[in-house]
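In what follows, a structure is listed as structure tokens, so that the remarks can point back to it.
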Amino acid sequence: MRLSWLHRGSFTLGFLTQPTMLAAPGWPDRRAIAGILHRPATRLREQEAKRTLALTVLGLALGVFLVAQWQSPPASTADDPASRDAAIHRTIDRLETEQVQLKKQISDLRAKTTPEQQQITASRSASADLGEMLAEQRALAGTVAVDGTGVEILLDDSTVQQLLPSDDPDNYIVHEFQIRDIVNLLWGAGASAISVNGERFVNSTSVYCVGSTILINDTRTSPPYHILAIGDTAGLQKALDDGNSLRDLKTRSQVYGLVLKVVQAGPLTIPAFDGSVEMKHTDIAATTGQPG
Amino acid sequence: MKPRRSQIGLAIVCLLFGMALMMQLRTQNRLRQATSGDSSTDLASIAGDLYDSNTTLRQEVDQLLGQQVAYDRSPGSDKQVQVQQEVQDLETFNGVVPVTGPGVELTIDAALRPVDVQDLLNEIRNAGAEAISIGGQRVVYNTAVAGGPGRVTVNGVTVSMPVVFEAIGAPDVLDRALDRKGGMLSYLRTSYPHAQVILAEHNSLLLPAFTSSLPLKAAD
């Protein structure tokens with residue numbers, strides 16, 4: 001698809017720059033111009049003005065032609081594959097709406113059970129530290145939002161306006177492994193909670209891409225990416241600034257204008273994980289257990 | 001009649017304008033292609049992932065609703081048992097207790113780089129693993145992979161060679177996801193032609209709890 005595009009582009013360019021099209025000797029006589037303008041050929045005294053006007057009109061027509069030429073490929077694919085894509089897009093939209101609703105439901109249900117559980121763990125018969133244990137495990141699991149101080153990093157596609165034909169567009173856009181690299185670096189630097197575009201990073205979180213779409217916690221995301229990390233601000237900043245860290249990403253940032261910067265350091269709120277923590281295959285091993 | 005200089009000038013300006021316009025369009029189209037050029041296959045894959053994800057979310061909703069009903073109806077002592085159960089479930093999810101279950105074991109005898117291990121961990125998580133260990137180090141939410149080629153660290157501990165990944169989950173699902181065409185394993189087999197890569201399904205694996213000189217501390 002991309003190859004045919006470029007081919008089509010060079011064809012258009014060649015056609016336009018053919019000297020016979022615009023050079024004086026081969027230029028259509030004023031009858032042709034008059035024809036374009038729908039005016040009688042007898043008004044010779046307006047020749048000059050008409051010719052200027054004709055050139056302008058022709059220039060505009062060429063512009064329109066060019067636009068039409070460049071917009072036609074997407075339009076020309078509006079047959080079977082496109083309508084199938086449209087159907088899948090509708091399915092994705094529907095599933096995404098459902099996903100948002102389910103996450104909301106999970107979040108609400110978790111919020112609803114919390115006071116009940118607090119009541120239970122506060123009762124006299126309950127063991128003293130049950131409530132504390134529950135709060136601690138929830139915080140580790142990331143199912144509760146957390147406030148703290150830390151850094152906010154912005155990662156975005158390049159802002160360059162023009163690509164040279166030799167440029168690889170892949171160099172100018174955010175890739176999923178870059179998000180993973182930043183998150184891994186932040187964990188290593190002692191971050192205690194991280195979210196990317198509202199998706200909390202928990203023990204089951206994966207960042208992967210399908211085509212050009214990046215999914216985090218099975219949720220579709222798109223640039224710009226706001227990476228929030230709670231932790232020792234100076235330590236996190238130092239790890240990010242270290243010349244040996246994120247070298248590939250920093251090079252791309254310098255060479256291709258990919259956006260990578262700390263936009264904020266201070267108080268942050270990192271949202272809760274609204275996904276599943278259910279275990280279907282895993283059981284706690286008896287402390288004396290041996291590998292099976 | 002010869003066109004005047006100004007007319008030729010105008011023609012050239014128009015041409016340049018047209019070319020500039022085309023360049024702009026070309027740039028935008030290429031960027032658009034790079035950022036949203038998902039094929040039908042990709043779109044179908046995204047839809048499939050969302051469908052699976054929603055199924056899991058729905059089960060979580062059901063589980064939470066069940067918990068709600070149980071809290072409302074149970075007598076006091078049973079309620080405590082339920083809270084204890086939730087604490088244990090979360091401990092399992094968090095990796096702070098040793099766990100057992102079916103799964104896969106992946107052994108790679110190659111001087112892997114930290115990024116390889118990091119990407120593999122991501123792939124295993126994405127395949128739906130419920131508990132993971134790398135070289136005997138239990139993976140937790142803030143597990144970082146560092147070090148250098150052939151001396152990778154996980155949770156700050158150097159992983160010995162060959163690198164062994166253990167993952168609990170549906171063995172066939174994990175196996176299929178990890179061994180898929182164009183996946184991480186096929187990439188590793190290409191990048192490390194002499195590497196020995198063994199992926200085996202197990203009925204029962206035992207994964208250790210997370211241990212560290214630094215206690216796992218939640219943000220508060």
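Restricted to the stretch B:64-87, and to residues there that are closer than 20 Å to A:H281 by Cβ and more than 8 Å from chain A (Cβ to nearest Cβ), the residue that is surrounded by the fewest Cβ atoms within 10 Å (Cβ to Cβ) is B:G66.
In this structure, is A:N203 touching a residue at least 12 places away in the same chain (Cβ under 8 Å) and in contact with a Ser or Thr (Cβ under 6 Å, 6 or more places away or on another chain)? So A:N203 does not fit the description; no. Among the candidates A:Y256, A:Y208, the residue that is closer than 18 Å to B:E130 by Cβ and among the aromatic types (F, W, Y) is uniquely A:Y208. Select from the stretch A:122-148 the residues that are part of a helix (DSSP H, G or I) and within 7 Å of chain B (Cβ to nearest Cβ) and list them in ascending order. Those that are part of a helix (DSSP H, G or I) and within 7 Å of chain B (Cβ to nearest Cβ): A:L130, A:M133, A:L134, A:E136, A:Q137, A:R138, A:A139, A:L140, A:A141. Across the stretch B:36-51, a minimum of one residue is classified as more than 7 Å from chain A (Cβ to nearest Cβ), modelled with pLDDT of 85 or more and surrounded by fewer than 18 Cβ atoms within 10 Å (Cβ to Cβ). Of all the residues in the stretch A:149-176, those that are within 11 Å of the chain's Cα centre (by Cα) and within 8 Å of chain B (Cβ to nearest Cβ) number 2. Scanning the stretch A:260-268 finds no residues that are at pLDDT 95 or above and of a type in the set (S, T, N, Q).
If the condition is being among the small types (G, A, S), farther than 20 Å from A:L186 by Cβ and part of a strand (DSSP E or B), then the stretch B:144-167 contributes only B:A167.
Answer yes if at least one residue in the stretch A:77-96 is at pLDDT below 65 and either on the phi > 0 side of the Ramachandran plot or small (G, A, S) (or both), and no otherwise. Within the stretch A:77-96, one or more residues are at pLDDT below 65 and either on the phi > 0 side of the Ramachandran plot or small (G, A, S) (or both).
All told, B:L174 falls short of being touching a residue at least 40 places away in the same chain (Cβ under 8 Å) and within 15 Å of B:V115 (Cα to Cα).
Apart from one condition, A:Y256 fits all of (1) over 16 Å from the mean Cα position of the chain (by Cα); (2) more than 11 Å from chain B (Cβ to nearest Cβ); (3) closer than 17 Å to A:V183 by Cα; (4) hydroxyl-bearing (S, T, Y); the exception is (3). Residues that are more than 25 Å from B:V97 (Cβ to Cβ), surrounded by fewer than 15 Cβ atoms within 10 Å (Cβ to Cβ) and not charged (D, E, K, R) do not occur anywhere in the stretch B:164-181. The condition of being under 29 Å from A:L246 (Cα atoms), away from chain A (no Cβ under 12 Å) and touching a residue at least 24 places away in the same chain (Cβ under 8 Å) does not hold for B:A127. Here the stretch A:192-224 is the region considered, the condition is being surrounded by fewer than 20 Cβ atoms within 10 Å (Cβ to Cβ) and assigned to a strand (DSSP E or B), and the residue that is nearest to the other protein chains (Cβ to nearest Cβ) is A:Y208. Take the conditions at the interface with another protein chain (Cβ under 9 Å from one of its Cβ atoms), part of a helix (DSSP H, G or I) and of a type in the set (V, I, T) and apply them to B:V61. Does it pass? Spelling it out, B:V61 is indeed at the interface with another protein chain (Cβ under 9 Å from one of its Cβ atoms), part of a helix (DSSP H, G or I) and of a type in the set (V, I, T). The conditions of being of a type outside the set (K, R), buried (at least 23 other Cβ atoms within 10 Å of the Cβ) and without any contact (Cβ under 8 Å) to a residue 12 or more places away in the chain are met by A:L140.
The values are calculated or read from the model by the stated rules, or taken from the named source; none is laboratory data. The model shown is predicted, which means the values in this text are computed figures rather than measured ones. For neighbour counting, all protein chains shown are included, and Cβ atoms are generated from backbone atoms with ideal geometry for every residue, glycine included.
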